[in-house]
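Everything below concerns the one structure shown next.
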Amino acid sequence: MTSEIETLKTWITESDNIVFFGGAGVSTESGIPDFRSVDGLYHQKFDYPPERILSHSFFYQNTEYFYRFYREKMLPLEAQPNTAHRKLAELERAGKLRAVVTQNIDGLHQKAGSKHVFELHGSIWRNNCQKCGKFYPPEYIRDCDSVPRCTCGGIVKPDVVLYEEGLSESCIEGAARAISDAEVLIVGGTSLTVYPAAGLIRYYRGHKLVLINRDETPYDSYADLVLREPIGEVFSQM
């Protein structure tokens, strides 16, 4: 593994056009469960499957239950950035990292100091009234006893992409452009099985594709460098 780490170090040192694409595995070391790991959200028992609860139709048909689940499982407001988040923010400040593309909704990249972040699936930190558009912080949802409502009476909805909802076109376009223009693309903490997000990797046109993930991914054969280590351990050696 030492030679792979050294290669990655060299590529980072020599480039000022790096893009990072990350998934749930980036935040597990901050105490946020990977949805599909053995102990993750998808292996816990609820009255309904998480895929159904976190759907557009369920949100409007059973809003109170949605929020009971959401408040308990989807609002890690006290979580702090880990080594990977901090290192990526450091690379951005150094003028090397052009963008972070993330599937996570926890906002930890911004909390670590990253500025150029494409949040493919939205963010728990943005919540708006469905009637008048008024903004509410996540603490407002956390502290409500039932369905959070605006002063105008409308339902306050998190700016997170639910099942049956499409991704933001402007976010997808920006992420695709950043990936397409990147010299080095580092992909970490993702199984690359969730679409359409995972399909963005296909926009990469360079020859320095790095995959950092404990398990195999469908894109391993396309990668120029594969590291089978937790992403925090890899970045701690950078």
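Before anything else, pin down the relative contact order of segment 43-111: Cα pairs under 8 Å, at least 6 apart, normalised by residue count, whole percent. The partial results should precede the final answer.
On the way: 25 pairs, mean separation 18.4, N = 69.
In percent, rounded to a whole number, it is 27.
How big is the accessible area of K111 in square angstrom, nearest 10, if you roll a 1.4 angstrom probe over the protein chains?
Number for this one is 80 Å².
How tilted is helix 169-181 with respect to the longest principal axis of the chain? Cα atoms for both, answer in degrees (0 to 90, nearest 10).
For 169-181 against the chain, the angle is about 10 degrees.
Give the distance, in whole Å, between the Cα centre of segment 174-190 and the Cα centre of segment 121-170.
A separation of 28 Å, based on Cα centres.
For the peptides 206-219, 127-140, what is the packing order when you average, over each peptide's residues, the other Cβ atoms within 10 Å and list the highest mean first?
Highest-to-lowest ranking by the protection proxy: 206-219, 127-140.
By how many degrees, 0 to 90 and rounded to 10, does the Cα axis of helix 2-14 deviate from the longest principal axis of the chain?
In the chain, helix 2-14 runs at an angle near 80 degrees to the longest axis.
Kindly write out, for segment 204-211 in residue order, the coupling ³J(HN,Hα) from the Karplus curve 6.51 cos²θ - 1.76 cosθ + 1.60 (θ = phi - 60°), rounded to whole Hz, with x marking Gly and Pro.
In residue order, the calculated couplings are 5, 10, x, 10, 9, 8, 10, 10 Hz.
When the accessible area of segment 139-193 is computed with all protein chains present and a 1.4 Å probe, what percentage of it is carbon and sulfur?
Numbers: 1150 of 2480 Å².
C and S atoms contribute 46 percent here.
How high is the relative contact order of segment 135-236? Use alpha-carbon pairs under 8 Å, at least six apart in sequence, and give a whole percent.
19
Beyond 21 Å between alpha-carbons counts as too far, so tell me which of K87/K111; K134/K157; K131/K157; K73/K134; K115/K157; K115/K208 fall in that bin. All intermediate terms of the calculation are to be shown ahead of the outcome.
Values: K87/K111 12 Å; K134/K157 10 Å; K131/K157 10 Å; K73/K134 24 Å; K115/K157 24 Å; K115/K208 23 Å.
Beyond 21 Å: K73/K134; K115/K157; K115/K208.
Can you give me the angle between helix 63-73 and the longest principal axis of the chain, using Cα atoms only, in degrees from 0 to 90, rounded to the nearest 10?
40
How much accessible area per residue does the chain have, counting only protein heavy atoms and a probe of 1.4 Å, in square angstrom?
Computed with neighbouring chains in place, this is 48 Å² per residue.
If you take every DSSP beta bridge fully contained in segment 54-200, what fraction is antiparallel? Give it as a percent rounded to 5.
Values: 8 of 12 bridges.
In segment 54-200, DSSP labels about 65 percent of beta bridges as antiparallel.
With both partners inside segment 141-238, how many of the DSSP beta bridges are antiparallel, as a percent to the nearest 5?
Just about 10 percent of them are antiparallel.
If packing is taken as the average count of other Cβ atoms within 10 Å, what order do 47-56, 22-31 fall into, highest mean first?
Descending mean neighbour count gives 22-31, 47-56.
Using packing as a proxy for protection, rank 173-179, 81-87, 7-13, 118-124 so that the peptide with the highest average count of other Cβ atoms within 10 Å comes first.
Numbers: 173-179: 18.1, 81-87: 23.4, 7-13: 15.0, 118-124: 21.0.
My ranking of the peptides, most packed first, is 81-87, 118-124, 173-179, 7-13.
The values are calculated or read from the model by the stated rules, or taken from the named source; none is laboratory data. Predicted, not measured: the structure shown is a model, and the values here were computed from it. Every residue, glycine among them, receives a Cβ derived from its backbone with ideal geometry; neighbour counts consider all protein chains shown. The accessibility values were calculated without ligands, DNA or RNA, using every heavy atom of the protein model including side chains. Shrake-Rupley method; radii C 1.70, N 1.55, O 1.52, S 1.80 Å.
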